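Okay, so here's the structure we're looking at.
The values are calculated or read from the model by the stated rules, or taken from the named source; none is laboratory data. Since this is a predicted model, take the numbers as computed values, not measurements. With ideal geometry, Cβ positions are generated from the backbone for all residues, glycine too; neighbour counts draw on all protein chains shown. In case anyone asks, the SASA skips ligands and DNA or RNA and just uses the protein heavy atoms, side chains included. Shrake-Rupley method; radii C 1.70, N 1.55, O 1.52, S 1.80 Å.
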Amino acid sequence: MYFDGYGYHGTSFEQTYRCYPASFIEKPQLESGDKIIMPPSALDRLASLHIDYPMLFELRNDAAERVSHCGVLEFIAEEGMIYMPYWMMENMLLQEGDIVRLKNVTLPKGTYVKLQPHTKDFLDISNPKAILETTLRNFSCLTIGDSIMVAYNNKKYYIDIIESKPSNAISIIETDCEVDFAPPLDYKEPERPVAPVPLNKATAQVEEDPAATEPKFNPFTGAGRRLDGKPLKYEPASASSSGSKDKKPVATNGTAPPSAGSSSQTANRQAQGKLVFGANASRIPKETPKKEATKDAKQEQQPEKKEDPKFQPFTGKKYSLRG
């Protein structure tokens, strides 16, 4: 059946129009949705057909092989012309006055859709979910591959439709649809911290050398003394002898190890009962003062004091109670 040059086949409507942006008829509200304005003749022909409501249409640009879907807002356009949002013309690569083919379709209700913002600025909005829900109320359908526009706070945000279920084009009128977000196109993963570069062996050795030259701690070194002032029967090892093996051993019993040239002379001149450290044994003065010699002799001649008798229990006299 043909009617005034327009072909209709049963319940289908298909026609070509020249498209123009919504700014040509001062309808800025069209930019916030996916609805177009058609001529009144299209309404008369659609009313005579058995089509499903709400009315949904397939837009096709044969020159660029681009396909999208939309709804209809009003039938007030001039004959042979339609007005559509500018962002939709950009998706379909249409210019002002280009020819586009319209066909009525029936789309299933969507259950899932995945969105991907172009910039991460959209995620910085205080409540992007509420803004998106408010914007999608002006939409009637979504198509994979389209980039919808969300206007908020005098700024435009573009969002790609990258996945939808149960088909590539879905209706979102009076349906519960699950919405998921993909990372924005300009999102970059934070860089992982780079592992520190290992030092060269030469620098490591330079750092270790100062530590090796530091003196090590030698515990329990020093000389012992008695509280009663008497000389010790043995001489403890000194710190110099225990700290290094190259130094000469400490002399015990007041005698130093004899040297090659003057071992006999130094042995006679060293006083008994005094500590003599390895290298200092040869530096003892030849003559010792007489006072020190006399004091040492007196100390050796003095007998050791007798110790007080120990306490003996149960010693003493007996007494009788009878008297």
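Residue-wise test of (1) over 22 Å from residue 54 (Cα atoms); (2) part of a strand (DSSP E or B); (3) open to solvent by less than 60 Å² (accessible area, probe 1.4 Å).
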| site | (1), (2), (3) |
| --- | --- |
| 116 | yes, yes, yes |
| 126 | yes, no, no |
| 131 | yes, no, yes |
| 145 | yes, no, yes |
| 159 | yes, yes, yes |
| 163 | yes, yes, no |
| 173 | no, no, yes |
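Could you grab the pairs with beta carbons closer than 6 Å, sequence gap of 6+ or different chains, first residue in the stretch 12-34 and assigned to a strand (DSSP E or B), second one crowded, with 18+ Cβ neighbours inside 10 Å and of a type outside the set (A, V, I, L, M)?
Note: pairs meeting the criteria are 13/104; 20/83.
Only one residue in 150, 105 is in contact with a Pro (Cβ under 9 Å, 6 or more places away or on another chain) and hydrophobic (A, V, I, L, M, F, W, C), so which one is that?
150
Of all residues being open to solvent by 40 Å² or more (accessible area, probe 1.4 Å) and on the phi > 0 side of the Ramachandran plot in the stretch 55-101, which is nearest to the chain's Cα centre (by Cα)? Just the residue, please.
93
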